[in-house]
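J.: One structure follows; several queries about it will come next.
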Amino acid sequence: MSVEKNIVIALLRMSAHSPVSQESINMEAKVAGSVASKLLQRLQDDGLVNLKDAEYEADSLQRMGLAVRALSLGADLEHVSQLLEWQEFESIAGFALERNGFDVAKNVRFKNSRRRWELDVVACKKPLILCIDCKHWQRALHLSALKKIAEEQVERTEAVAEVLPSPSIKIDCHGWTKATFIPVVLSLVEGKFKFYDDVPIVPILKIQDFINQLPAYVDSLKHFEKKNTKTLDDHFS
């Protein structure tokens with residue numbers, strides 16, 4: 001198991017920006033070529049890496065899968081987290097949401113009550129506006145830490161709900177008369193808690209399941225309603 005873990009860690013370390021040869025992987029993981037070939041084939045079969053022109057490559061989704069595989073093999077959470085690019089969380093979330101018909105904006109900045117705020121990802125699909133915090137935490141969370149993270153995301157979500165409609169916030173939600181704002185926390189791995197105070201804590205590789213189930217559970221989640229007598233057209237954009 002430790003040999004496979006070394007291969008996976010080597011791929012995570014080396015595949016962020018360019019394809020990598022098996023020879024380089026062998027050297028990085030300190031694994032014999034014949035053993036590495038079998039393990040790399042297994043990772044290919046599992047859809048976690050691609051072989052192209054004699055080099056191995058992994059997109060952001062595959063790298064997240066590799067990270068989860070490494071953790072399942074006993075790798076240290078802090079070490080694995082350091083091998084991931086911060087933007088990979090946002091990219092995967094954005095891709096999954098766009099594929100499901102959401103309009104997505106990243107790094108949304110705004111002002112409210114003399115404070116500056118920022119939301120990692122905002123996704124709109126009438127009448128829902130998901131306000132997502134991509135947490136790249138590097139250690140198992142105690143309940144007190146999770147409480148703080150969830151409460152801060154609720155605060156950000158309520159703040160953006162208060163200021164919209166605002167022409168300064170580039171969120172594409174044309175022609176809406178109402179909106180439901182939902183705070184969401186996105187994590188690398190599935191933890192002990194799936195919710196805190198009705199705020200969903202969603203593992204990155206289960207975001208599709210969350211999207212699929214969302215319509216049935218909106219009312220049971222923490223949310224904020226915003227209604228206008230006029231349509232919100234041109235204010236949300």
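The values are calculated or read from the model by the stated rules, or taken from the named source; none is laboratory data. The structure displayed is predicted, hence computed values, not measured ones. For neighbour counting, all protein chains shown are included, and Cβ atoms are generated from backbone atoms with ideal geometry for every residue, glycine included.
One line per residue, one yes/no per condition, for (1) modelled with pLDDT under 80; (2) assigned to a loop (DSSP other than H, G, I, E, B); (3) of a type in the set (S, T, N, Q):
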position	(1), (2), (3)
His174	yes, yes, no
Ala179	no, no, no
Ile182	no, no, no
Phe193	yes, yes, no
Ile201	no, no, no
Gln208	no, no, yes
Lys222	no, yes, no
Glu225	no, no, no
His235	yes, yes, no
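J.: Can I ask one more? Based on this model, can you work out whether Ser24 counts as modelled with pLDDT of 90 or more, closer than 18 Å to Ser91 by Cβ and surrounded by fewer than 20 Cβ atoms within 10 Å (Cβ to Cβ)?
T.: Against the criterion (modelled with pLDDT of 90 or more, closer than 18 Å to Ser91 by Cβ and surrounded by fewer than 20 Cβ atoms within 10 Å (Cβ to Cβ)), Ser24 does not qualify.
J.: From the list Ser166, Ser144, pick out the single residue that is more than 22 Å from Pro215 (Cβ to Cβ), assigned by TED's automatic domain parsing to the domain that holds Val199 and touching a residue at least 12 places away in the same chain (Cβ under 8 Å).
T.: None of the other options fit; the residue is Ser166.
J.: Also: When you go through (1) exposed (fewer than 15 other Cβ atoms within 10 Å of the Cβ); (2) at pLDDT 90 or above one by one for Ser168, which number turns out not to apply?
T.: So the condition that Ser168 fails would be (2).
J.: Still on this structure, please answer the following. For segment 1-116, give me every one of the helices (runs of 4 or more DSSP H) that falls completely inside it and has 2 or more residues that are assigned by TED's automatic domain parsing to the domain that holds Pro165, closer than 30 Å to Pro127 by Cβ and within 17 Å of the chain's Cα centre (by Cα).
T.: Passing ranges, in order: 86-99.
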